[in-house]
Amino acid sequence: MKRHGFTIGLVGSFALSGIVHYAGAAFIGSTVQFIISAIAIIFVAGFLGKATESVAHYAGERVGGFLNATFGNAAELIISIFLIKDGLFDVVKASITGAIIGNMLLVLGLSVLLGGMKYREQTFNVKLAGHNGSLMLLAVIALFIPAAFTRSLTSNETINLSVVVSLILIVAYLLWLFFSMVTHKDDLTDPVVEHGEAPWSKGRSVFYLILATVMVGFGSEWLVGTLDAFSHQFGLSELFVGAFLIAIVGNAAEHSAAIIMARKNKIGAAIEIAIGSSLQVALFVAPLLVLLSMLFGKTMDLVFTTYELIAIGVAAFIAKSISQDGATTWYEGVLLLVVYVVLGIAFYLV
Amino acid sequence: MKRHGFTIGLVGSFALSGIVHYAGAAFIGSTVQFIISAIAIIFVAGFLGKATESVAHYAGERVGGFLNATFGNAAELIISIFLIKDGLFDVVKASITGAIIGNMLLVLGLSVLLGGMKYREQTFNVKLAGHNGSLMLLAVIALFIPAAFTRSLTSNETINLSVVVSLILIVAYLLWLFFSMVTHKDDLTDPVVEHGEAPWSKGRSVFYLILATVMVGFGSEWLVGTLDAFSHQFGLSELFVGAFLIAIVGNAAEHSAAIIMARKNKIGAAIEIAIGSSLQVALFVAPLLVLLSMLFGKTMDLVFTTYELIAIGVAAFIAKSISQDGATTWYEGVLLLVVYVVLGIAFYLV
Amino acid sequence: MKRHGFTIGLVGSFALSGIVHYAGAAFIGSTVQFIISAIAIIFVAGFLGKATESVAHYAGERVGGFLNATFGNAAELIISIFLIKDGLFDVVKASITGAIIGNMLLVLGLSVLLGGMKYREQTFNVKLAGHNGSLMLLAVIALFIPAAFTRSLTSNETINLSVVVSLILIVAYLLWLFFSMVTHKDDLTDPVVEHGEAPWSKGRSVFYLILATVMVGFGSEWLVGTLDAFSHQFGLSELFVGAFLIAIVGNAAEHSAAIIMARKNKIGAAIEIAIGSSLQVALFVAPLLVLLSMLFGKTMDLVFTTYELIAIGVAAFIAKSISQDGATTWYEGVLLLVVYVVLGIAFYLV
């Protein structure tokens, strides 16, 4: 009965949100459009969380988390490609920044806080924590080097540096997958805890995960569309909208799934979604976008603004510090959220 | 007998120091004034150390350390309020910087070195170490963000950013107390080691702790008064005097108590005093001063100079690195002191 | 039989490289000179690795590693003194930078990668890892402070700051040796694993270690001589040649020995060689060169360029992050190498 109601809400709100997006701008106000799209996203995100959990039931916390992160980022990748085609490099970089810090601070912070309010202390694989910390440092270094050296380089040299660094990062990320999913798989997983049965069969779980991700992709874009009107109305800067508003909505997939996992004491999966997703953006999506931009005639460089680098660096350091002991408490969630809010206010004012 | 001699020395030197301060400048030289005040401070600090230890006997190492740090910072808060009333924001910020790095490097360094010369290795609660490390990072981030963004902001926006960040930090600090003293108290304490009886009763211990703190407050101010003549004579900069000379004297409470605790193998209490005190300054006293300054008509911002931020950042990173394994040795005390001396020389020369 | 062939190759290639260096420039091209010198270095480095291993057999992994690092750096010290005599301070600093990052990233990275391809996980003394991490931070801080404060200082004050910081660092390094070799020796060593007999007697091992180091010193210089022609031909910058090409060759001693130790699962010795060597350069060799430069009339300061400081800082942070858990895997070697390559490309383009 309960599941039936959820299905109706999901399909109904999603359909309505789509109708409003493609046809509705003329006869209803932007506030109503926003509310409809937001309700749809909440339903869709709930669906995605369920699907992730079900896949994790079969494949383990880490793989489930990885699949969630990957499908979640696939949507972002597609949207970014369209932006690159239009030459909107600054918007792409702002949204990359937003995806990284949104996952490391907001998604992780909410998961740790809400999980920690239910369980006194939540633990996860400490070796994975160590590797994640080193990868976060690599991400910061790789995005920092081009910006640090760019003032001594011609713009052509900056492009060359960006392309080569991008190639290296993609190789490093693929080797990381090989390491963590093949050669050292067993060292990096949490002990499997079985809680009852999975709601769906194995095949259906994967299908639902893909379907939910696609729905989140569309739903996010529709919601982002309504945000544009908002941000113009309130005079928000492109940087703030790109790095915070869009990122919060665009990470809906990670939010819902990570929090659901944390509340079920599967903090390992929540970490994999939050940290894993931001690492994937920094070490794979961003470099891939640089390479793809070459196909459209004008190559995007990897030079982020000082403020973006500060945000990424600060997020990585606090997330590394909090996750490195393989245990989390509610207060560590507070710390992550505090840093996110402080950054948000600073970006809002700039 | 021995205690009798101490009491006479304490009362006598303290009284003499007060007389010299309020009446003596006319007939004796500044060097004699300095020596008298310094002797008084040594006696008073010894008294405070004893009182802290006695309170810790009843309340545990952490709470004893926290009370010591809080009473010690109360004096600093009062002095700072007078400076803010006079609009001397730069002096206030220099002394905040000095209190933070003085505690993290000098107090902690001396405690670890002198404790480590007596005991091969001293251990303390490793979970507390992890949380302290994350809080240190938060302190660095929170003081760094306003300075980093200020060049793109109007001075009004900088004030707004400072006020909002201050409110957030105070909430974060109060939540930290709630976390560490209430919800997760038991996870963060060291096992209690009983060494004989306490010298005083519970009530008397607390009374003496308060009395000693007040005496340290007065004694420090009198000593600082004699320092002024010194610094003019030797042409020392305001930054150096504020961040080093005054801080060394002003932290007399923390110094004596922390070292006494370390020498009794209660390094956990020493850490709580040193790190706890600097975190309290960064996350509570400094933000509170920003808010209080609003009452006096002109609001102080949270923008520290580059040199102050370097000092705070460097101190936090080395203190975090050294404390994070929950064990200390004499050489780690050397490392902290080396960084303090290097910073001191750089500040002296600037 | 096999050992006989090695001895012939060693003596022959070394002699040929020397002949080419002192007489050969006229009748053979620079490429042939380079190949001959490179073959000689490979033989000599192999000899040195064997000698280190044999000494480590008698003296333990740490002392063996320390001796290897010290003899390796002795050669660098001698070469640098000649450069200082000629006033080539920038070249000296570039080669100091190169030695630090070459050891922390390339030598350590190759050792960890090649060791990790043979053994699933290699462990070493976790307390040593913690201390090494703190010392790396000290090195970064000590080289960073003079550069950060120099813009507010006269050049005389900068020299004074450099000299005082140098004295402090040397004292700190000597205290470190006292701590790690005397007072806390037992806490920082790895359990000794005996694998068969040592190839040589105790005295012969030490003699061969010294002899091999001298040969590496000469061989490196001859190889560096052939590099000069190369770099002119390809238009490479002095910074790139000094910080990368010369450092790679000049660290031949550390390379061969560390990799050989890692492949024998003695990762503790490899770490000691790589990290120990770079710490020795930062905390002892560089300060000593500042002091020695005073004998030649013009004092070298400790002010490194921004790019050099970025390279050193980045190297220290990633090496600290990877080594702090006392365990290494092949992927951590990849991470170190990735950072080295990214830095190399940036330096090449600048």
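Based on Cα contacts under 8 Å between residues 6+ apart, the range B:220-309 shows a relative contact order of 16 percent. Annotation: for a label point projected 7 angstrom from Cα along Cα→Cβ of A:SER237, residues of the range A:291-326 with backbone N closer than 12 Å are A:305-308.
Within chain B, helices built from complete DSSP H runs that reach 20 Å or longer along their own axis (Cα positions) and carry a mean Kyte-Doolittle hydropathy of 1.0 or higher are B:30-59, B:126-149, B:155-178, B:306-323, B:330-349. Counting only protein heavy atoms and using a 1.4 Å probe, the accessible area of C:LEU174 comes to about 90 Å². Cross-linked pairs A:LYS118/A:LYS202; A:LYS127/C:LYS185; A:LYS127/A:LYS185; A:LYS185/C:LYS118; A:LYS118/A:LYS264; A:LYS50/A:LYS202: Cα-Cα separations exceed 19 Å for A:LYS118/A:LYS202; A:LYS127/C:LYS185. The stretch between C:THR306 and C:TYR58, if pulled fully straight at 0.36 nm per residue, gains 85.0 nm over its current Cα-Cα span. Each copy carries a label point for B:THR306 at 7 Å from Cα along the beta-carbon vector; from one copy to the others these points are 0.9, 0.9 nm apart, nearest first. Of all beta-carbon atoms in chain B, the one sitting closest to the axis that brings chain B onto chain C gives B:GLN324, 5, with the distance in whole angstrom.
Using a probe radius of 1.4 angstrom, the carbon and sulfur fraction of the accessible surface of chain C is 68%.
For C:PHE178 and A:PHE6, what is the calculated FRET efficiency with R₀ set at 60 Å and r taken between the beta-carbons, to the nearest 0.05?
Numbers: r = 69 Å, r/R0 = 1.14.
For R0 = 60 Å, the calculated efficiency reads 0.30.
Between the listed residues B:PHE230, B:ILE322, B:GLY64, the Cα displaced farthest toward the positive end of the dipole of the range B:2-349, a dipole computed from Cβ unit charges relative to the Cα centre, is found at B:GLY64. Contact with the other protein chains removes 30 Å² or more of accessible area, compared with the isolated chain and a 1.4 Å probe, from these residues of the range B:119-141: B:ARG120, B:GLU121, B:LYS127, B:HIS131, B:SER134, B:LEU137, B:LEU138, B:ILE141. Accessible surface for A:ILE168 stands near 30 Å², nearest 10, in the context of the full protein assembly shown (1.4 Å probe).
Think of a 1.4 Å ball rolled over the protein heavy atoms: the protein assembly as shown then has 38 Å² of accessible area per residue.
The Rg/Rh ratio of chain A, with both radii computed over alpha carbons and Rh defined as the Kirkwood radius, is 0.96.
Accessible surface ranking for B:MET104, C:MET294, 1.4 angstrom probe, highest first: C:MET294, B:MET104.
With a 1.4 Å probe on protein heavy atoms only, work out how much accessible surface C and A bury together, total over both chains, in Å² to the nearest 100. Present the calculation step by step, with values, prior to reporting the outcome.
Numbers: alone 16020 and 16010 Å², together 29290 Å².
What C and A bury together is about 2700 Å².
Charges at C-beta only: +1 for Lys and Arg, -1 for Asp and Glu. How large is the resulting dipole of the protein assembly as shown about its Cα centre, in Debye rounded to 20?
1240
Each Cα pair under 8 Å and six or more residues apart adds its separation to the average, and for chain B the resulting relative contact order is 41 percent.
Over the protein assembly as shown, the reciprocal of the mean inverse Cα-Cα separation, the Kirkwood hydrodynamic radius, stands at 31.0 Å. Figure note: C:PHE144, B:PHE304 ranked by solvent-accessible area, largest first, 1.4 Å probe, ligands and nucleic acids not counted: C:PHE144, B:PHE304.
Where is the GNM fluctuation largest for chain C (alpha-carbon springs, 10 angstrom cutoff): C:HIS57, C:HIS232, C:HIS131? Sorting by GNM fluctuation, first place goes to C:HIS232.
Position B:GLY87: other-copy label points at 5.1, 5.1 nm, ordered by increasing distance, label point 7 Å along Cα→C-beta. A Förster radius of 41 Å, combined with the Cβ-Cβ distance separating B:MET294 from A:THR31, puts the computed FRET efficiency at roughly 0.70. Sorted from shortest to longest, the distances between the B:HIS232 label points of this copy and the other copies are 6.5, 6.5 nm, with each point 7 Å from Cα along the line through the beta carbon. The candidates B:LEU113, C:LEU16, arranged from most to least accessible area with a 1.4 Å probe in the full protein assembly, appear as C:LEU16, B:LEU113. Counting only DSSP H runs of at least 4 residues, each contributing -39500 (n - 2.57), and dividing by the residue count of chain C, the helix-based mean residue ellipticity at 222 nm comes to -25500 deg cm²/dmol. Any idea what diffusion coefficient the range A:89-210 gets from Stokes-Einstein, in µm²/s, Kirkwood Rh on alpha carbon pairs, 4 °C, 1.567 mPa s? My calculation gives 71 µm²/s for D.
Between A:SER155 and A:ASP228, the simple spin-label model (points 7 angstrom out along Cα→Cβ) gives 2.6 nm.
Measuring only protein heavy atoms, the 1.4 Å probe finds C:GLU332 accessible over about 10 Å².
The values are calculated or read from the model by the stated rules, or taken from the named source; none is laboratory data. Note that this is a predicted model, so its numbers are computed, not measured. Methodologically, a virtual Cβ is constructed for each residue, glycine included, from the backbone with ideal geometry; neighbour enumeration extends over all protein chains shown. Calculation scope for accessible area: heavy atoms of the full protein, side chains included, ligands and nucleic acids excluded. Shrake-Rupley method; radii C 1.70, N 1.55, O 1.52, S 1.80 Å.
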